[in-house]
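Values quoted throughout were computed directly from the atomic coordinates according to the rules given, and no laboratory measurement underlies them. Everything numeric in this text was worked out from a predicted model, so none of it was measured. Positions of Cβ are backbone-derived with ideal geometry, glycine not excepted, and every protein chain shown enters the neighbour counts.
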Amino acid sequence: MRFLPKTRTERVRLLVLGAIFIGLFVPFIALPLLRIVKYQPKEGDIVFQSLPKADLVDAIEGVTNSDLSHCGVIMKRGEEWVVVEAIGKVSETPFWKWAVRGRDRCFEVYRLKDTTNLDIPKLQSGLSEFLGRPYDFHYAMGETEIYCSELVYKAYDRSHGIKIGEIETLGSLNWRPFEAFIRDMEQGELPLDREMITPVSLTRSPLLTRIVSK
């Protein structure tokens with residue numbers, strides 16, 4: 001049995017297949033990895049991504065008129081960078097795993113414009129308060145369950161008194177095209193007066209600056 005091509009036709013075929021493989025590999029693997037390597041993280045950075053397509057993700061992105069459907073906070077654990085996030089439950093995910101999980105493996109990063117008084121141990125304490133809490137599929141500003149942008153908002157607010165983004169009501173967002181989905185999630189109710197903080201609202205905060213864009 002031979003493995004290396006011997007005829008000119010076989011060599012050409014192998015080169016073509018190699019070119020196709022590289023063409024597929026570069027945009028889907030190499031370029032995302034390059035973005036991860038180029039990003040110089042700092043503790044407290046807020047990272048955003050588009051989650052893989054699903055009915056809930058479509059609703060989040062449609063209601064908020066943004067493709068940023070998930071976010072978390074960058075922290076360091078020993079020599080490893082992690083994202084503290086609310087997904088399933090509040091947990092810590094290695095940053096590289098978090099980055100490649102996103103749709104098209106793209107992400108954005110925002111940072112406080114003024115980090116002079118940013119106390120990392122305090123921020124860590126604010127985040128740790130929520131570790132293990134289940135995800136809030138009702139997107140309410142409660143205490144027993146929590147969703148991604150609520151985690152970011154509350155961690156900064158409670159640890160530093162910094163309010164990032166503006167709290168909005170469901171009724172002020174683009175809820176109408178998703179009324180049936182919302183009613184199904186809420187067992188028939190339509191809580192238009194429910195207050196929430198959305199990922200895209202965090203990005204609009206004048207306290208933040210974008211340092212990595214999709």
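A few points about this structure:
- Positions within the stretch 141-185 being out of contact with any strand residue (DSSP E or B) (no Cβ under 8 Å at 6 or more places or on another chain) and basic (K, R), in sequence order: R158, K163, R176, R183
- Candidates Y156, Y135, Y139, filtered to the one that is under 13 Å from C71 (Cβ atoms) and among the hydroxyl-bearing types (S, T, Y): Y156
- Per-region count, the stretch 114-131, residues under 20 Å from the mean Cα position of the chain (by Cα) and more than 11 Å from L151 (Cα to Cα): 2
- Sole residue being in a loop (DSSP other than H, G, I, E, B), on the phi > 0 side of the Ramachandran plot and crowded, with 19+ Cβ neighbours inside 10 Å, chosen from G165, G188: G165
- Taking the stretch 31-107 as the region of interest, the strands (runs of 3 or more DSSP E) fully inside it that hold 2 or more residues being more than 28 Å from I182 (Cβ to Cβ) are 70-77, 80-87, 89-94.
- So R158, is it over 17 Å from G72 (Cβ atoms), without any contact (Cβ under 8 Å) to a residue 40 or more places away in the chain and of a type in the set (K, R): no
- Matching entry among D67, D119 (being acidic (D, E) and crowded, with 16+ Cβ neighbours inside 10 Å): D67
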